[in-house]
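Inspection log for the structure reproduced underneath, given as structure tokens.
Nothing in this text is a laboratory measurement; each read-out follows from the coordinates by a stated rule. Computed from a predicted model, the values in this text were never measured in an experiment. A quick note on method: Cβ atoms are made from the backbone with ideal geometry, for glycine too, and the neighbour counts reach across all protein chains shown.
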């Protein structure tokens, strides 16, 4: 019985390591599925590309909520533009019509430059 428990623990650890490394690889590669070919990558807020144009909005372009009120914002790059959303739920709406929300982000950038 002890040996069976040891094997189960070893298998669980191996699966955890595999899942962790898969998440690291996924964060560095373009998003699969419906977003493939759209120039989108997802990154952690601290790892956003320094080449991307910063998102100057203080609110989520989708919901209008103040960024940071619901925890750490979801930050990703879309066509060389940093995008900050308040939560993962807003990402689904963003993906449906990114041009609509990119206009808001770019308008904030233009207003800040004036």
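Just a few scattered comments:
- Sorted by Cβ density within 10 Å, fewest first, the residues 91, 113, 58: 113, 58, 91
- Least to most buried among 85, 104 (fewest other Cβ within 10 Å first): 104, 85
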